[in-house]
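Have a look at the structure below, then the notes.
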Amino acid sequence: GQSLEQPSEVTAVEGAIVQINCTYQTSGFYGLSWYQQHDGGAPTFLSYNALDGLEETGRFSSFLSRSDSYGYLLLQELQMKDSASYFCAVRTGGGNKLTFGTGTQLKVEL
Amino acid sequence: NAGVTQTPKFQVLKTGQSMTLQCAQDMNHNSMYWYRQDPGMGLRLIYYSASEGTTDKGEVPNGYNVSRLNKREFSLRLESAAPSQTSVYFCAVPNPRQGTFSTEAFFGQGTRLTVV
C-alpha cells in the first residue's frame with residue numbers, strides 16, 4: 001500500500017536550523033511536496049521535488065532521494081512564525097490521489 | 001485561497017441531520033478533492049474527482065456522498081451526520097500550471113463542522 005511517515009513533533013529555538021523528515025511508500029512516484037499549516041488555517045504549498053537533490057526557496061529547502069524513498073524539509077534561521085504543522089504529500093492511486101503524511105508539529109521557542 | 005471557495009465556514013449539526021458542503025474552483029482544473037482533518041492528525045482523503053462527472057473513494061468515504069456535476073463544483077454530502085464526523089473539511093484543487101499530476105494544490109479555507 002501507500003504510506004508517508006513523519007515525526008509527530010519537533011521543537012527548536014529561534015534562529016536555529018531544523019530538519020523534518022518524510023519517508024514514503026507508493027506504487028508510482030510523481031514527486032514529493034511540502035505544505036505548511038498554521039493553527040486554524042488551511043494548508044499552503046511550500047515546495048516540490050520531482051528529482052533527487054535539494055531545492056531552495058529562501059529560508060526553506062527541500063531534499064529528495066528517490067532511491068531511499070525519503071525526503072526532508074529544512075528550515076533555516078527559524079522564526080516564531082514558523083511554528084506550524086508541516087506535511088509531506090505524494091501522488092498515489094495511479095496518480096489520481098493526493099495523499100498527505102500525518103504531519104509534524106514544529107514548535108519554535110525563544 | 002481565492003481560487004477555491006468553500007461554504008459554509010462553520011456548521012453545527014444535530015446527530016442524524018443532513019447537510020451539503022460546497023466547493024467551487026475558478027482554476028479550470030479537472031481534479032478536485034475532499035479531505036477531513038481531525039485534531040493532531042493529517043489530512044485524510046474522503047473522495048476525489050479526476051474529472052467532471054467522475055468520483056472515486058478515498059481513505060475514509062463511509063458516511064459521505066459526493067457530486068461533481070460540472071467542472072467548477074464538487075460537493076460533499078453527509079446524509080445522516082454522526083458525532084464521529086465532527087472535523088474540519090477541506091476542499092483542494094491541484095495547481096493547473098503544474099500539470100495533471102502536480103503535488104501542488106490550493107486549499108479552500110475549510111469548513112469547521114461539529115455534530116452534537
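Taking the conditions (1) away from chain B (no Cβ under 12 Å); (2) in contact with a strand residue (DSSP E or B) (Cβ under 8 Å, 6 or more places away or on another chain) in turn, A:R66 satisfies each one other than (2).
Looking at B:F107, is it within 9 Å of another protein chain (Cβ to nearest Cβ) and out of contact with any helix residue (DSSP H, G or I) (no Cβ under 7 Å at 6 or more places or on another chain)? Taking the combined requirement at face value, the residue satisfies it. Under the condition of being in a loop (DSSP other than H, G, I, E, B) and buried (at least 16 other Cβ atoms within 10 Å of the Cβ), the residues counted in segment B:73-108 number 9. Being among the aromatic types (F, W, Y) and under 30 Å from A:A50 (Cα atoms) holds for only one residue in B:F10, B:F74, and it is B:F74.
Listed here are the residues, each with its yes/no results for (1) surrounded by fewer than 18 Cβ atoms within 10 Å (Cβ to Cβ); (2) touching a residue at least 24 places away in the same chain (Cβ under 8 Å); (3) in contact with a Pro (Cβ under 7 Å, 6 or more places away or on another chain).
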position: B:Q6; (1), (2), (3): no, yes, no
position: B:K9; (1), (2), (3): yes, yes, no
position: B:T15; (1), (2), (3): yes, yes, yes
position: B:T20; (1), (2), (3): yes, yes, no
position: B:C23; (1), (2), (3): no, yes, no
position: B:N28; (1), (2), (3): yes, yes, yes
position: B:P39; (1), (2), (3): yes, no, no
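Among the residues making up segment B:31-72, those that are part of a loop (DSSP other than H, G, I, E, B), more than 10 Å from every other protein chain (Cβ to nearest Cβ) and not small (G, A, S) are B:D38, B:P39, B:E52, B:T55, B:V60, B:P61, B:N62, B:R68, B:L69, B:N70, B:K71, B:R72.
Looking only at residues in segment A:75-110 that are more than 8 Å from chain B (Cβ to nearest Cβ) and under 15 Å from A:S33 (Cβ atoms), the one that is modelled with the lowest pLDDT is A:T92. Screening segment A:1-29 for residues that are acidic (D, E) and part of a strand (DSSP E or B) and picking the one that is surrounded by the most Cβ atoms within 10 Å (Cβ to Cβ) gives A:E5. Only residues that are surrounded by fewer than 16 Cβ atoms within 10 Å (Cβ to Cβ) and either more than 10 Å from every other protein chain (Cβ to nearest Cβ) or modelled with pLDDT of 95 or more (or both) were counted across segment A:30-40, and they come to 2. Residues in segment A:55-94 that are small (G, A, S), farther than 24 Å from B:M41 by Cβ and not in a loop (DSSP other than H, G, I, E, B): A:S61, A:S65, A:G94.
The values are calculated or read from the model by the stated rules, or taken from the named source; none is laboratory data. These figures come from a predicted structure and were not determined experimentally. Cβ atoms come from the backbone with ideal geometry, glycine included; neighbour counts cover every protein chain shown.
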